Amino acid sequence: MKKLFKSILIASLLVITFVVPAFAGYVRSHYRRNGTYVQSYWRSDPNSTVTDNYSYKGNVNPYTGKIGSKYYY
């Protein structure tokens, strides 16, 4: 019984370790391979629509206060 519990615990920890980083979070500033500088930003959770992103009309970025200007066609 202890062996089964230990196996389930290890499997759960591995799943959490590899699945959780795929979700939203803070992205630090960095340089791309071609030398372009990318400023740090907050990444949003992935979903099936683009209209809820801060850059689209009707939305306001709470971190910068910028109003969205893109339209969805």
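Observations on the structure shown:
- Residues whose placed amide H lies under 5 Å from that of LYS70, excluding near-sequence neighbours: TYR56, LYS57
- Here, P(r) means the percent of Cα pairs in each 5 Å bin from 0 to the largest distance; for the range 23-73 it is 5, 18, 19, 24, 20, 12, 3.
- Listed by chain and number, the lysines placed with their C-alpha closer than 23 angstrom to that of LYS66 are LYS57; residues fewer than eight positions away on the same chain are left out.
- From phi via Karplus (6.51, -1.76, 1.60), per-residue ³J(HN,Hα) for the range 57-73 in Hz, x at Gly/Pro: 3, x, 10, 10, 6, x, 8, 10, x, 6, 8, x, 10, 7, 10, 9, 9
Where a number appears in this text, it was derived from the coordinates with a stated rule and is not lab data. Note that the structure is predicted; figures quoted are calculated from it, not measured.
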